1. Residues that are under 18 Å from A:THR118 (Cα atoms) and touching a residue at least 60 places away in the same chain (Cβ under 8 Å): which helices (runs of 4 or more DSSP H) entirely in segment B:108-222 hold 2 or more of them?
2. Working only within segment B:44-93, note down all residues that are assigned to a loop (DSSP other than H, G, I, E, B) and either touching a residue at least 40 places away in the same chain (Cβ under 8 Å) or among the hydrophobic types (A, V, I, L, M, F, W, C) (or both).
3. Given (1) more than 8 Å from chain A (Cβ to nearest Cβ); (2) touching a Ser or Thr at 6+ places or on another chain (Cβ under 7 Å); (3) closer than 25 Å to A:GLY157 by Cα, where does B:LEU130 come up short, assuming only one miss?
4. Using the structure shown, decide if B:ILE159 is modelled with pLDDT under 95, within 7 Å of another protein chain (Cβ to nearest Cβ), farther than 21 Å from B:ILE24 by Cα and surrounded by 24 or more Cβ atoms within 10 Å (Cβ to Cβ).
5. Please work out which residue is farthest from A:ALA194 (Cα to Cα), limiting yourself to segment A:162-171 and to residues that are surrounded by 20 or more Cβ atoms within 10 Å (Cβ to Cβ) and at the interface with chain B (Cβ under 9 Å from one of its Cβ atoms).
6. Scan segment A:31-42 and report the pairs whose first residue is more than 15 Å from A:ILE122 (Cβ to Cβ) and whose second residue is part of a helix (DSSP H, G or I) and modelled with pLDDT of 80 or more, with Cβ atoms within less than 9 Å and a gap of 6+ or a chain change.
7. Against the conditions (1) closer than 17 Å to A:GLY219 by Cβ; (2) of a type in the set (A, V, I, L, M, F, W, C); (3) at the interface with chain B (Cβ under 9 Å from one of its Cβ atoms), where does A:LEU94 fall short? Just the number, please.
8. Before we move on, is A:LEU238 touching a Phe, Trp or Tyr at 6+ places or on another chain (Cβ under 9 Å), surrounded by fewer than 24 Cβ atoms within 10 Å (Cβ to Cβ) and part of a helix (DSSP H, G or I)?
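The values are calculated or read from the model by the stated rules, or taken from the named source; none is laboratory data. Just so it is clear, the model here is predicted, and its values are computed rather than measured. Don't worry about glycine lacking a Cβ; one is built from the backbone with ideal geometry, like all the others, and counts go over all protein chains shown.
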Number of protein chains: 2
Amino acid sequence: TPRQRPNSVICMKSNSWANIESDIQTHLKKSIPIRAPEDVFEPMHYLTFAAPRTTAPALCIAACEVVGGNGDQAMAAAAAIHLVHAAAYAHENLPLTDRRRPKPPIQHKFNPNIELLTGDGIVPYGFELLAKSMDSNNSDRILRVIIEITQAAGSKGIIDGQFRELDVIDSEINMGLIEYVCKKKEGELNACGAACGAILGGGSEEEIGKLRKFGLYAGMIQGLVHGVGKNREEIQELARKLRYLAMEELKSLKNRKIDTISSLLETDLCGV
Amino acid sequence: TPRQRPNSVICMKSNSWANIESDIQTHLKKSIPIRAPEDVFEPMHYLTFAAPRTTAPALCIAACEVVGGNGDQAMAAAAAIHLVHAAAYAHENLPLTDRRRPKPPIQHKFNPNIELLTGDGIVPYGFELLAKSMDSNNSDRILRVIIEITQAAGSKGIIDGQFRELDVIDSEINMGLIEYVCKKKEGELNACGAACGAILGGGSEEEIGKLRKFGLYAGMIQGLVHGVGKNREEIQELARKLRYLAMEELKSLKNRKIDTISSLLETDLCGV
């Protein structure tokens, strides 16, 4: 699902969702200051914020709160999730000698070698922030979250999606393939965000599982409604089906404040 | 320090050092099997073993044993260190549209996009293996080791070295710059390897510090004696000085079996 939306197109109705997004931005800006050596940190700062928004980091905070945790407990994980997303986006748009450029060409502020190396630096930095967020009694949860993020970011996650995405562009509309790419790119990153938040907030395994599924469906819908073939009836139909499934997961989270998290389905999916 | 040595040129005199290297290879082969999807795992397997050897992973195991630990406790960290090195090497040789190719061109078995994505997948996989190596009572040590590796691999470590290295190629022999690049590329990765091993083996802060310094010096020497200007007298002189400093660090590790670790200075530095 090549992204066709500009940055920040996601329309926010919910103040609390917008507040979460804003807290994450503030945290990232503090975590990645422009400091010496500037030729390293300026591109890092730039590429961190050049990537289009993903809801996965905010979902991480919101899921933490849904299971009764404090959003701050999930802030480092939310930052790390944004960073793997930003690095993936930077490398996706790298001008390689052999890569077709099927997307609207993006502006490159830095040369390819800098963009490559900066992307390479952003990923470990995310894991560093996360590992440093340990305190005296959350080490096991942090390690579990690191595993979640490595899997979502790795060869069986986003990277698999980026790899298969080239086939989407080459082929006629192939629903199975589009669904697979949306699952690997937007789906599993949002699933990871929700699961990580629930883990850090001390959710039960059942809650973690339900929020993970909610994130998967919500992320896939975003991929579908902004990607290739977004106006086609079969894409709209699949998005509606996933929205129904996402709401079912939320319904079964009894006695939990799901307002913020459910607003994701209302606001981001204006088209469905 | 553009690497000019072929794979496996390091001459091993010490059986135990060779045994450690062989154990790590075996562990990596088991950890990265060629399995479905093959178009993802075959390049991952290939690029993992295509990188020239670095002594940092073996130093991790050896340092663990020096402080009284069992080498197995450090195996996941050694694997992760090899993986960040392999990914850095893959990206260093990526045919970007704008990058000068100062080195002897390497054989590319896969196309640039595959090599890019594979490198991107290898790094999180290393952290995943490491996080999964937690047991009931080593979480804090694993997290500390993750921080060590993210820092060595990140924008202030190898990537800084890769960035500055371009200036080495452009300029006349500039000793300050060569020393800096060797420190960032080979030095800090080996320092990280030794420190991680010592942390996982339960070493004291003093032991961790001494082994870290030993690794730094030993790694820098490797960078110097295999890199740009390796035959020049001032490079040889600096290498000899670092060798002296490395041996001083070992001397002060009293009552520890330092045979294996000190063999690194004898064998790898044949030229010094």
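1. Result: B:112-132, B:139-153, B:158-170.
2. Hits for segment B:44-93 are B:ALA51, B:PRO52, B:ARG53, B:THR54, B:THR55, B:VAL67, B:GLY68, B:GLY69, B:ASN70.
3. For B:LEU130, the exception is condition (2).
4. The answer is yes for B:ILE159.
5. A:PHE163
6. Between residues of segment A:31-42 that are more than 15 Å from A:ILE122 (Cβ to Cβ) and residues that are part of a helix (DSSP H, G or I) and modelled with pLDDT of 80 or more, the close pairs are A:ARG35/A:PHE41; A:PRO37/B:ASP160; A:PRO37/B:PHE163; A:ASP39/A:ILE114; A:ASP39/B:PHE163.
7. Failing condition for A:LEU94: (1).
8. no
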